[in-house]
1. Look at the range 39-60 and say how many of its residues are among the β-branched types (Val, Ile, Thr), open to solvent by less than 10 Å² (accessible area, probe 1.4 Å) and in a loop (DSSP other than H, G, I, E, B).
2. Specify which of the listed residues (Ser160, Ser263, Ser248, Ser267) is among the small types (Gly, Ala, Ser), buried (at least 17 other Cβ atoms within 10 Å of the Cβ) and either modelled with pLDDT under 95 or assigned to a helix (DSSP H, G or I) (or both).
3. Report yes if some residue within the range 169-186 is under 25 Å from Gly216 (Cα atoms), outside any helix (DSSP H, G or I), touching a helix residue (DSSP H, G or I) at 6+ places or on another chain (Cβ under 8 Å) and of a type in the set (Ser, Thr, Tyr); otherwise report no.
4. Say whether the condition of being free of Cβ contacts under 8 Å to residues at least 60 places away in the same chain, touching a helix residue (DSSP H, G or I) at 6+ places or on another chain (Cβ under 6 Å) and more than 24 Å from Lys62 (Cα to Cα) is met by at least one residue in the range 108-127.
5. Please state which one of Glu213, Glu195 is over 14 Å from the mean Cα position of the chain (by Cα), in a strand (DSSP E or B) and not β-branched (Val, Ile, Thr).
6. Count, please, the residues in the range 2-38 that happen to be part of a loop (DSSP other than H, G, I, E, B), surrounded by 15 or more Cβ atoms within 10 Å (Cβ to Cβ) and of a type in the set (Gly, Ala, Ser).
Amino acid sequence: MNGRDDLTLAVLQHRPTPDAIEQSLSRLEDATASAAAGGAQLLVCPEASLTGYNIPLSIARKVAVDCQGTVTDRIRTLCQQHEIALAYGYIERDGEQLFNAVNVIDATGELISHYRKTHLWDELDRTLFSAGDDFAPLFELNGWKVGILICYDIEFPESSRHLALQGADLIIAPTALMAPWTLVADVMTRARAAENQVYFAYANYCGPEGDLEYVGRSCIVGPDGEELARADDKPRILSAVLNKQAISDIRQSLPYHTDRRPSIYQSLT
């Protein structure tokens with residue numbers, strides 16, 4: 001059983017299922033049941049996991065879903081049934097605009113966070129999506145403060161630092177990282193965790209989608225930059241128990257937060 005300062009986290013790595021909402025929901029049901037049975041309190045899924053990511057604009061418009069609607073209601077029910085919180089990526093429709101978005105639903109079925117990707121990657125993102133205007137506020141889950149980034153967002157150190165300065169204990173990053181950019185999964189995830197002294201969870205696809213080949217390499221990283229769990233290039237669910245004392249310990253031994261000198265960083269903004 002978890003202590004009061006523990007959080008059991010699961011990360012789903014799966015093959016993409018573009019333009020197949022029912023198949024995606026079926027996979028989600030299996031994953032939430034499996035993660036909950038393993039004691040997880042939060043399951044994190046990849047970027048656009050529900051709808052597919054590398055798809056033509058015409059298909060994206062067809063499969064896009066509202067932030068809150070019938071599909072969201074079905075996922076609320078899954079969370080209630082299995083008593084687990086869920087963070088999942090999808091293509092969001094808002095009027096005529098499409099966004100690369102993440103919803104977080106808690107174990108009671110309440111939508112507790114919603115984020116739209118702020119840094120769009122290359123023509124793939126820019127052809128499909130409008131950019132989000134701001135980072136989502138941290139959400140609280142079982143006493144943990146959690147921030148959300150999506151894929152390319154993590155390649156900008158300011159993104160993670162912003163969330164850390166807001167008080168994040170954990171940053172989750174649904175992603176769709178393709179070959180050959182394994183550096184992001186293997187190095188940047190650990191760097192963002194270590195430099196901000198937070199836990200970091202990275203949920204990626206594996207296998208092909210259109211002309212892309214996703215590299216897998218999903219991970220859960222501790223606040224000291226050490227890997228707690230790491231996937232290869234096959235579908236699987238990772239899990240780890242996170243503990244707040246580990247955050248306190250590393251911040252005491254390496255006081256990055258208190259030794260910052262914001263007055264000399266003005267050029268960053």
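1. 1
2. One residue alone meets the criteria, Ser160.
3. Scanning the range 169-186 turns up at least one residue that is under 25 Å from Gly216 (Cα atoms), outside any helix (DSSP H, G or I), touching a helix residue (DSSP H, G or I) at 6+ places or on another chain (Cβ under 8 Å) and of a type in the set (Ser, Thr, Tyr).
4. yes
5. Only one candidate passes the filter, namely Glu213.
6. 1
Residue-wise test of (1) among the hydrophobic types (A, V, I, L, M, F, W, C); (2) surrounded by fewer than 18 Cβ atoms within 10 Å (Cβ to Cβ).
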residue: Arg93; (1), (2): no, no
residue: Tyr115; (1), (2): no, no
residue: Pro137; (1), (2): no, yes
residue: Glu140; (1), (2): no, yes
residue: Ala168; (1), (2): yes, no
residue: Leu183; (1), (2): yes, yes
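The values are calculated or read from the model by the stated rules, or taken from the named source; none is laboratory data. All values derive from a computational prediction rather than experimental measurement. Cβ: placed from backbone, ideal geometry, glycine included. Neighbour counts: every protein chain shown. Each accessible area value is taken on the protein alone, full model and side chains, heavy atoms only, with ligands, DNA and RNA left out. Shrake-Rupley method; radii C 1.70, N 1.55, O 1.52, S 1.80 Å.
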